[in-house]
Amino acid sequence: MVKNKYAFFRGEIRPIEEAKVSIMTSALHYGTGVFEGIRAFWNKEEEELFVFRMREHYLRLLRSARILLIDIPYSADELCHITLELLRREGFREDVYIRPIAFKSGEEIGVRLHNLESELAIFAVPFQLYLPEGGIRVMVSSWRRVEDNAIPARAKITGAYVNSALAKTEAYLAGFDEAIVLNEDGHVAEGSAENIFIVREGTLITPPVTANILEGITRHTVISLAQDLGIPVEERPVDRTELYVAEEVFLCGTAAGLSPVVEVDRRKIGTGKPGPIFLRLQELYENVVRGKVEKYRSWCTPVYSSPAR
Ligand SMILES: Cc1ncc(COP(=O)(O)O)c(C=O)c1O
């Protein structure tokens, strides 16, 4: 059931029915697209929709596009303006997921990045819960994370999500909620579509950006919030068995939010309930994304009270 009416496509906001591509589109065959997942959060009290860290998402889209030699003829600020205009046209009064995608649109057989046209589309849909609430059960996947010299994980490349889909479905079919994926070198990388944090002796630990992870914006947000709360943070390689002995484990991402892991490979984490550090961070995060914390208000762009383009 489609609940959105519009998409930005071929330079303008159009009815969603008009935003279609040909089956000959190069990116459909070869996975040569880059995308973003951005969320906007409805604040009931203010009757306002806030887009969270929108500019950072578009800067990452432009970096991903640079890696795939995709030409996006807009600046991050222009992409933000387009998004705000699209959201105003939709008139959403609920949480929303925004999906920008730029892709090789040339209609030619032949796998390559050069000498092919690109296109950009943006649409937004009402948000649906991505992971179960209250604590998830995860398994370490038998699939390994894509390597920087194979398909760079730091770029959000459509084709790379075959790797995520293999891991996620393996976990789902085995009765788990989510997968944790290791690198080729055997260290923990991330979830199928989330970054990962563990807590050991009160320190928040997460794999570094050189561990074949997506450089997550929620990851960055969590690190900033933790530092402000006085929680020590380390970015360093994480062993698989550290997951089993950690006091706390949680995943984070735009779609997932902050999601506590209560079991890894059938081993209970901590007490088997969301831990105290997670709970502090989650509470703050939930308020921050809805524009309720003055200090972080600059991360939240209001949709309806922003000046029109
Ligand atoms: C593979 C992967 N890792 C991590 C993340 C989390 O990144 P972010 O917090 O920017 O959404 C995502 C989601 O976009 C992802 O797809």
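The values are calculated or read from the model by the stated rules, or taken from the named source; none is laboratory data. All values derive from a computational prediction rather than experimental measurement. All Cβ positions, even for glycine, are placed from backbone atoms using ideal geometry, and neighbour counts span all protein chains on display.
Residues to consider are 40, 27; find the one that is away from the ligand (no atom under 16 Å from the Cβ) and crowded, with 16+ Cβ neighbours inside 10 Å.
Numbers: 40 fails: away from the ligand (no atom under 16 Å from the Cβ).
None of the other options fit; the residue is 27.
Those residues that are surrounded by fewer than 17 Cβ atoms within 10 Å (Cβ to Cβ) and within 15 Å of residue 55 (Cβ to Cβ), I need them from the stretch 286-304; list them, please.
Passing the criteria: 297, 298, 302.
Consider residue 261 against the criteria (1) under 23 Å from the mean Cα position of the chain (by Cα); (2) farther than 18 Å from residue 141 by Cβ: it satisfies all of them except one. Which criterion is unmet?
(2)
Return the residues of the stretch 122-163 that are over 15 Å from residue 64 (Cβ atoms), at pLDDT 95 or above and small (Gly, Ala, Ser); say none if nothing qualifies.
Going through the stretch 122-163, the residues over 15 Å from residue 64 (Cβ atoms) turn out to be 123-145, 147, 149-150, 162-163.
Retained after the next criterion (residues that are at pLDDT 95 or above): 123-126, 135-145, 147, 149-150, 162-163.
Correct list: 124, 135, 141, 142, 150.
Tally up the residues in the stretch 183-223 that are within 25 Å of residue 150 (Cβ to Cβ) and of a type in the set (A, V, I, L, M), please.
9
I want to confirm something. Restricting to the stretch 207-223 and keeping residues that are within 21 Å of residue 141 (Cβ to Cβ) and near the ligand (Cβ under 9 Å from one of its atoms), which single residue is surrounded by the fewest Cβ atoms within 10 Å (Cβ to Cβ)?
Of all residues in the stretch 207-223, those within 21 Å of residue 141 (Cβ to Cβ) come to 207-216, 218-219.
Of the ones still in play, those that are also near the ligand (Cβ under 9 Å from one of its atoms) are 213-216, 218-219.
On the way: 213: 23, 214: 23, 215: 16, 216: 23, 218: 22, 219: 23.
Here the answer is 215.
Can you tell me which of 182, 229, 204, 173 is out of contact with any Asp or Glu (no Cβ under 8 Å at 6 or more places or on another chain) and within 16 Å of the ligand (Cβ to nearest atom)?
On the way: 229 fails: within 16 Å of the ligand (Cβ to nearest atom); 204 fails: out of contact with any Asp or Glu (no Cβ under 8 Å at 6 or more places or on another chain); 173 fails: within 16 Å of the ligand (Cβ to nearest atom).
Testing whether each residue is out of contact with any Asp or Glu (no Cβ under 8 Å at 6 or more places or on another chain) and within 16 Å of the ligand (Cβ to nearest atom) leaves just 182.
Would you mind telling me which numbered condition in (1) assigned to a loop (DSSP other than H, G, I, E, B); (2) within 11 Å of the ligand (Cβ to nearest atom) residue 149 fails?
(2)
Would it be correct to say that residue 194 is closer than 24 Å to residue 60 by Cα, of a type in the set (Asp, Glu) and within 12 Å of the ligand (Cβ to nearest atom)? Explain how you work it out, then say what you get.
Working: closer than 24 Å to residue 60 by Cα: yes; of a type in the set (Asp, Glu): yes; within 12 Å of the ligand (Cβ to nearest atom): yes.
Taking the combined requirement at face value, the residue satisfies it.
Within the stretch 94-110, track down each residue that is farther than 30 Å from residue 84 by Cβ and aliphatic (A, V, I, L, M).
109
Is the stretch 98-107 home to any residue that is under 29 Å from residue 299 (Cβ atoms) and more than 16 Å from the ligand (Cβ to nearest atom)?
Yes - at least one qualifying residue is present in the stretch 98-107.
Right, residue 206: touching a strand residue (DSSP E or B) at 6+ places or on another chain (Cβ under 8 Å), under 25 Å from residue 44 (Cα atoms) and not hydrophobic (A, V, I, L, M, F, W, C) or not?
Working: touching a strand residue (DSSP E or B) at 6+ places or on another chain (Cβ under 8 Å): yes; under 25 Å from residue 44 (Cα atoms): no; not hydrophobic (A, V, I, L, M, F, W, C): yes.
Taking the combined requirement at face value, the residue does not satisfy it.
Scan the stretch 250-274 for residues that are away from the ligand (no atom under 15 Å from the Cβ) and crowded, with 20+ Cβ neighbours inside 10 Å and jot them down. Before you say what the answer is, go through the steps one by one.
First, the residues of the stretch 250-274 that are away from the ligand (no atom under 15 Å from the Cβ): 260, 262-274.
Correct list: 260, 262, 264, 269, 274.
Does residue 136 satisfy the condition of being under 24 Å from residue 19 (Cβ atoms), surrounded by 18 or more Cβ atoms within 10 Å (Cβ to Cβ) and not charged (D, E, K, R)? Explain how you work it out, then say what you get.
Working: under 24 Å from residue 19 (Cβ atoms): no; surrounded by 18 or more Cβ atoms within 10 Å (Cβ to Cβ): yes; not charged (D, E, K, R): yes.
Judged against the criteria, residue 136 is not a match.
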